[in-house]
Structures are given as C-alpha cells and as structure tokens.
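Taking it in order: structure first as structure tokens, then the write-up.
The values are calculated or read from the model by the stated rules, or taken from the named source; none is laboratory data. These numbers were taken from a predicted model, which means no experiment stands behind them. Virtual Cβ from ideal backbone geometry, glycine too; neighbours counted across all protein chains shown.
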Amino acid sequence: MATTSIHTPAKTRTTVAGPDRGRLRSPYSTWFYLPAAIVYGVLFAIPTFASFYFSLTRWSIFESKFIGFGNFVTFFQEPALVKGFTNTLIYAVVTSGTKVVLGLLLAVLLTSQIVARGYLRSVVFFPVLVSTIGVGLTFTVLMNPERGLINSALSVIGIDGPGWLTDPKYALLSVAAVDVWKGVGLATLIYIAGIVSIPGEYLEAAKVDGASAWQSFRRIILPLARPATVTVIILSLIGGLRSFDLIWAMTRGGPGFTSDVIASVIYKQYQAGFYGLSTAGNVVLFVVVTAIVLPLSRFLNRKEVEL
Amino acid sequence: MSSTTALAGARPRKNHLLSVVAILVSIVVFVVPFAFIVLTAVKDRQQASLLDFSWPHQFQFVQNFVAVVEARDYMLIIAFINSTILTVASVAGMVVLAAMAAFVLQRKASRWNGLVHFLVLSGLIIPPAVVPTIWVLQRLGLFRTMPGLILVEIAFGLSFCILLFRAFVATIPRELDEAAIIDGAGPIRLFFKVIFPLLRSVIVTVVVVQSVVVFNDFVNPLYFLPGDKNATVQLTLYNFSSQFTTQYNLLFMNILLITIPPLVMFLFFNRQIVAGMTAGAVKG
C-alpha cells in the first residue's frame, strides 16, 4: 500500500513532466542540422563514398566501367606516380617537423623580454594570410638560378647557389622551405598561446630554485606546451599531405615529375581525362592521411593524459 | 597578471643583443620578400626583368596599375567581383548553417551526437574527393557555376566553423534559453533572436578567418569553376603568371593587389584572427 502510494505520485509526476520536458527540449530541434547536413552530405560525404567505387573503374564523366584494382596497380607501378607518393610523405614530414622546431623556438623568443615583440609577431604571422599562389610566384622569382635574389646574395659571400627549383635534387625541398616560410607563423602563434597559458608561478619557482634557462625550457615549457605541439604536428601533417597549390605554383611537379605529390598527380590525371586513376589517387591520399593522422593523434593525446 | 608584472620586475632589462639579431633576421627573411614585391611592382618593364632587389629608376605605380587592371578586358576587375561574391556568400552560408548545427549539437543530448562529431572531424581530416564532387555537381547542374562553387566552399568549411561555434555556445548559460522559452519563443525565435546575437564575437572570428581562407582558395575554383568568365583572383593571378613571363612588373603588381585584402583584414582584425587560429591549441 505504502509502496503504491509512493509510486503513484512518482508516476503522475513523470507523466506531467514528460510533455513539459518535451516542450522544454523542443527548441533544440533536430532539423537545425538539416541545412548543414544536406550541403555536407551531398557535396562532401557522397563524393567521398562514391570515390571508393569510382576508383575501381575506368571512368569518363559519362560512363564508368568496373576494372577492379587496376588503377591502384597502375598507381604503384608507374614510377612517376610512385614518386608522387613518396614525395608526399617526405614533404609532409619535412614541413611538419621544421614547423614544430622553428615554431617552438620562435614562440619562446617572442614570449621573452625582447624589444619590438609586436612587430616581430606580426611579421612572422603575416605570410599565413597571404595568397599561396602569390607567395609561390614570388619565391619562384627569388629562387631563379641566375638572376634570383637568393643566389645573387649567396654569390656575394662566394657561394654558388644551386638551381633551387630546376635541380631535381632540390626542387621538392625548396618548395617545402617556402611552405615553412609561409606556415611557420601559424605554428608560432599556436605555441605562443600554449606558452602564455603556462602559469608564471612555475617559471618563477624554477628560477628561485636556481634552474637555468635551458632547464626551465626543457622541464617546464616543453612538457606543458605539449597540447600546442600536438596541434601543430597534426595540423601541419594534414596540410602537408594535402598540399597542392604551392607546389603547383612553383614547379607544377617538375622538373619532370621529381616534385610531384599525390595532390598534383590527382590534378594531372584529371586534366588528362583519367578520372578513375585520378579518383584512385584521391583514395590513396585519403588512406595515407587517415592512416597517419588518426593513430598519431590518438598516440599523442594518450601520452598527454598520462603526463 | 600579477605574476607577469612580478617577472618583469625581477627582469626589467630587455635582452637588447637578442632583439637586434631577431629584428635583423626578420627583416632579411620576412620583410625583404614583401619589399621585393612592392619594388618590382612599381618598376618599369625593363628594370623589373632584371629580377634584382634594387630601387626603381622610375616609379610607374599608376601606369602598372592601369595596365594590370586593363589586361585581358578588365579581367582583374571581374575576378575581384567574382571573388567578393564567392567570399561573402560562402562565408555567410557557413556562419548560419554552422551556428545552427553547433547550437543543437551543444544543447541537445541525442544519439546523433556521436555521429555528428565523427562527421565534423572527418570534414577536417579527409581530403575532398575531387572528380566525384564534379560528378555530383554535374548531376545537379551546378558544375561550372558560382552557386555550385559557393556550396562546395560551404561544405568544406563547415567543420571548422562548427567546432568554433560549439565551444562558444557552451559558454552561453542554458537559463537564457529557458527564460526565452517561458516567454513563449519557438525554436527559430530562440535561436535567431536570443542565441545568434550572443554569438557575435565568435561570428566575427569565423567570418574573418574563413574570408581569408576562401579569398585565398585556389584549388576549389581551379576544379569546380574553370573558365575565364568566372575566374577568381587567385586563378587570374595563376593565369597571368604564364602570360606575364616577360612583364614581371605587372605580375608583381597583380600579387600586390591581391595581397591588400588580407592585409586590411590583418590590420583591423588581428585579435580575432589569432583567436580563431589558435582555438584548438590549448585544448588540443
């Protein structure tokens, strides 16, 4: 009896609260997702799924013929395309690694007691906002082997500069250097945000305990700026693996195909009308990006928790 | 704040040697390339073709400016108009769609949330599949059209915007929603009259960052909106580069002109840009 008398009001309360809560929740109606979901679904999700099928076909825009893994076999047999694959990895690792190191050093410098800090921060960051094509064309001129500013400057101090973009040995790394020049400002900015959020007391306490500048960098700034490091690595890896415009503006994958990356291979095959092969390149890029970025971000974020 | 002043008090002397070195290096590495752009842009054709870093014999700013603008039937003007339409429309679309999605995503606990989070992160990581996107656009009759490109930009930009908006919506107290509901606001009124105005600061951030991104975008116009009639400024610059191989002064005038909009953004909205671009840094 007693239990029922307790239960009944509870029940009535829930039935009363039910529609009431329903009315409270209704303002967050699910259809708010709809416009975004349609645009995203039609122009991003469907093409992504479709790419898995079309990568297995010989495809002109009118008809597609299923050919199995032929495109992927081509992709990993043709030297030009394999070169694009390895170059993508080299480019991403080089740019990402350099941005981490330089970004951290610049951020430490730009958070220290230094004159003209605002000017330095602005000047390091501004290239991030400039058109990639504009930067690419400018540096193509600066890197001109005979008349370019870089080699003229080097010849003054007696160094015979190489053909930065015309020598197959250097072309990819030269573009990577320009990528770092343009992108290091973002890495620096992220590191500055990370370093500024470190409580000043830690550094003070370390100083009182007689820690050297190197020790407080190694033991305090470096571990506590770890979230920033993770962000910089992940962001620049994603950017590096996908990068296209800078390479296209500076070398178009040349000389020959020595500075091709997957993204430029995709464009070249698309232009040549090999849509299936181009889409296979897209799928390879998708696999490379997810296979590198997902485990890495999981690994980096897990270690952060342990710390 | 007190700790930083204490630090400054303990170390009032700035490191002047390091400062001088840093400033000199920054001038060589970062200022010289921009100075080179400006100087070459105002040179005459002959001097510009030397590609050297020197003071112009004669300043031809106006003459070069007019020549670039008039080139190929005022292509640059058309390109600026196209880029403006593209940037304004796609950023506006991104802001509204992403804010709506982010609002519901943050406020409502439902079984969709996991999926939505997954899709948002996918949108940040996965490289878009180019030719299949063209195939879809063609089926919709939107390939080679400005509305098609605008929708593509929105689709690719949504993820970043949703992340920023969601973090900000979390700071708006739910009591505000409840008060509005008690006052009889429906879902649409609640969002557009109460929440949306409160998002102002993050909207400014999103608008500024995405405007720069869309304005500078080269790849998507290249694939989805080819052809001279619709060229955007980045495509025009790229096409000029093969045409102007003997007229470096005009090429660099063009580079200079398309650098101005980001520069203006930077001068006026430095703080919002920094906020938007470092949003992920502290949280990881």
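Structural remarks
- Considering A:Thr98, A:Thr86, the condition of being surrounded by fewer than 21 Cβ atoms within 10 Å (Cβ to Cβ) and farther than 20 Å from A:Lys268 by Cα is satisfied by A:Thr98 alone.
- Just one residue in the set B:Ala79, B:Ala101 is in a helix (DSSP H, G or I), closer than 16 Å to B:Asn254 by Cβ and touching a helix residue (DSSP H, G or I) at 6+ places or on another chain (Cβ under 7 Å); that residue is B:Ala79.
Residue by residue, here is whether (1) within 11 Å of chain B (Cβ to nearest Cβ); (2) surrounded by fewer than 17 Cβ atoms within 10 Å (Cβ to Cβ); (3) hydrophobic (A, V, I, L, M, F, W, C) holds:
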{"site": "A:Arg252", "(1), (2), (3)": "yes, yes, no"}
{"site": "A:Val261", "(1), (2), (3)": "no, no, yes"}
{"site": "A:Val265", "(1), (2), (3)": "no, no, yes"}
{"site": "A:Gly273", "(1), (2), (3)": "yes, yes, no"}
{"site": "A:Gly281", "(1), (2), (3)": "yes, no, no"}
{"site": "A:Phe286", "(1), (2), (3)": "yes, no, yes"}
{"site": "A:Ile292", "(1), (2), (3)": "yes, no, yes"}
{"site": "A:Pro295", "(1), (2), (3)": "no, yes, no"}
{"site": "A:Asn301", "(1), (2), (3)": "yes, yes, no"}
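- If you go through the range B:212-233 and pick out every residue that is outside any helix (DSSP H, G or I) and surrounded by fewer than 18 Cβ atoms within 10 Å (Cβ to Cβ), you end up with 2.
- Scanning the range B:135-156 for residues being at the interface with chain A (Cβ under 10 Å from one of its Cβ atoms), touching a residue at least 60 places away in the same chain (Cβ under 8 Å) and not aliphatic (A, V, I, L, M) gives a total of 4.
- Test: residue in the range B:14-23 that is of a type in the set (Val, Ile, Thr), at the interface with chain A (Cβ under 10 Å from one of its Cβ atoms) and in contact (Cβ under 8 Å) with a residue 24 or more places away in the chain: no
- Residues (within 14 Å of B:Val104 (Cβ to Cβ) and either of a type in the set (Asp, Glu) or buried (at least 20 other Cβ atoms within 10 Å of the Cβ) (or both)) located in the range B:170-194: B:Asp177, B:Leu190, B:Phe191
- Of the helices (runs of 4 or more DSSP H) lying entirely inside the range A:96-209, those carrying at least 3 residues that are closer than 19 Å to B:Val31 by Cα and facing chain B (nearest Cβ under 10 Å) are A:117-125, A:132-142, A:149-156, A:171-196.
- B:Ala185 passes every criterion in (1) over 29 Å from B:Ser122 (Cβ atoms); (2) more than 22 Å from the chain's Cα centre (by Cα); (3) more than 12 Å from chain A (Cβ to nearest Cβ) apart from (3).
- Looking only at residues in the range A:188-226 that are polar (S, T, N, Q) and farther than 23 Å from A:Thr98 by Cα, the one that is surrounded by the most Cβ atoms within 10 Å (Cβ to Cβ) is A:Ser197.
Conditions tested, residue by residue: (1) modelled with pLDDT of 85 or more; (2) among the acidic types (Asp, Glu); (3) not in a helix (DSSP H, G or I).
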position	(1), (2), (3)
B:Gln210	yes, no, no
B:Ile258	yes, no, no
B:Val274	no, no, no
B:Val282	no, no, yes
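- Of the residues making up the range A:112-141, those that are in contact (Cβ under 8 Å) with a residue 12 or more places away in the chain and β-branched (Val, Ile, Thr) are A:Val124, A:Val128, A:Val130, A:Thr132, A:Ile133, A:Val135, A:Thr140.
- Residue tally, condition of a type outside the set (Val, Ile, Thr) and facing chain A (nearest Cβ under 7 Å), over the range B:120-134: 5
- Single residue of B:Leu105, B:Leu51, B:Leu86 found to be buried (at least 20 other Cβ atoms within 10 Å of the Cβ) and either under 27 Å from B:Phe218 (Cα atoms) or of a type in the set (D, E, K, R) (or both): B:Leu86
- Flag for A:Ser152 being of a type in the set (Ser, Thr, Tyr) and farther than 29 Å from A:Ile90 by Cβ: no
- Test for B:Val206: is it surrounded by 18 or more Cβ atoms within 10 Å (Cβ to Cβ) and either away from chain A (no Cβ under 12 Å) or farther than 30 Å from A:Thr279 by Cα (or both): yes
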